[in-house]
Amino acid sequence: MRPLIHQSEKELVRSLRQGDMKAFDELYHRFLPKLLGFAYKYLSDEMEAEETVQVIFIKIWEGRKSLDENKNFKAYLFQSVKNQLLNKLRNQKKNCTIEDIPEKYCVSTENVFEKLTYKELEDAATELIRNLPKTQQQVFVLNKIEGLSPDEIASRMCLSRRTVEHHIYLATKFLKGELMHKTSLYGPLLFLFL
């Protein structure tokens with residue numbers, strides 16, 4: 001039984017900063033499956049994915065006093081795993097030559113970086129969409145995700161076409177602004193998503 005299962009992420013990080021091993025264990029159990037899945041998706045090797053995630057949790061424990069409970073711990077974990085994956089790819093690149101690798105297994109690190117960045121962008125956008133006002137959120141999802149036209153949305157939601165267009169404009173403007181503010185790494189990917 002996990003005694004701290006009902007504590008918030010913020011409370012757990014605060015306890016972890018003070019050296020509470022139970023708080024560390026709870027954070028570990030809470031995020032381990034998703035982090036392993038995230039790492040495995042890019043490494044396609046269970047052992048390497050596990051090793052990557054374990055390294056991050058060791059670093060978390062060692063640097064626990066510098067953690068900020070007011071920052072998003074989950075985002076910090078995923079960014080740490082992403083950085084560890086990129087370091088691993090860079091180090092592997094140094095240890096071999098292209099001649100050592102069969103052609104069919106060659107994968108561009110830029111492609112992996114793009115996938116990681118897109119996943120990060122997608123997660124951030126999904127979280128921001130959830131924070132939109134309810135009607136604006138519904139209109140945006142119907143238009144950008146389900147592909148409905150403003151006329152179809154207006155008919156379905158009993159709104160005027162102009163109101164629907166206004167909600168789409170406001171939501172898109174807000175999301176682009178927030179995502180561009182968060183990081184400049186997304187570059188052209190941002191405009192593909194929105």
task: Say whether the condition of being closer than 23 Å to A75 by Cβ, open to solvent by 90 Å² or more (accessible area, probe 1.4 Å) and at pLDDT 75 or above is met by at least one residue in the stretch 175-188.
output: no
query: Among the residues of the stretch 16-39, which ones are outside any helix (DSSP H, G or I) and either free of Cβ contacts under 8 Å to residues at least 24 places away in the same chain or open to solvent by 70 Å² or more (accessible area, probe 1.4 Å) (or both)?
result: Q18, D20
- request: Six or more apart or on different chains, Cβ under 9 Å: which pairs go from a residue in the stretch 70-95 that's charged (D, E, K, R) and open to solvent by 70 Å² or more (accessible area, probe 1.4 Å) to one that's modelled with pLDDT under 85 and part of a helix (DSSP H, G or I)? Could you list them?
  value: R90/T109; K93/T109
message: Residues to consider are K93, K65, K74; find the one that is within 22 Å of K10 (Cβ to Cβ) and modelled with pLDDT under 90.
response: K74
message: For the stretch 145-157, give me the residue count where each residue is closer than 11 Å to H167 by Cβ and either out of contact with any Ser or Thr (no Cβ under 8 Å at 6 or more places or on another chain) or outside any helix (DSSP H, G or I) (or both).
response: 2
field: Positions within the stretch 40-68 being open to solvent by less than 30 Å² (accessible area, probe 1.4 Å) and either of a type in the set (F, W, Y) or not in a helix (DSSP H, G or I) (or both), in sequence order
entry: F57, G63, L67
query: In the stretch 121-142, is there at least one residue being part of a helix (DSSP H, G or I), surrounded by 10 or more Cβ atoms within 10 Å (Cβ to Cβ) and modelled with pLDDT under 75?
result: yes
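The values are calculated or read from the model by the stated rules, or taken from the named source; none is laboratory data. What you are looking at is a predicted structure, and each value in this text was computed from that prediction instead of being measured. Cβ sites come from the backbone with ideal geometry, for glycine too, and all protein chains shown count toward neighbours. Accessible surface is based on the protein model in full, side chains and every heavy atom, while ligands, DNA and RNA are left aside. Shrake-Rupley method; radii C 1.70, N 1.55, O 1.52, S 1.80 Å.
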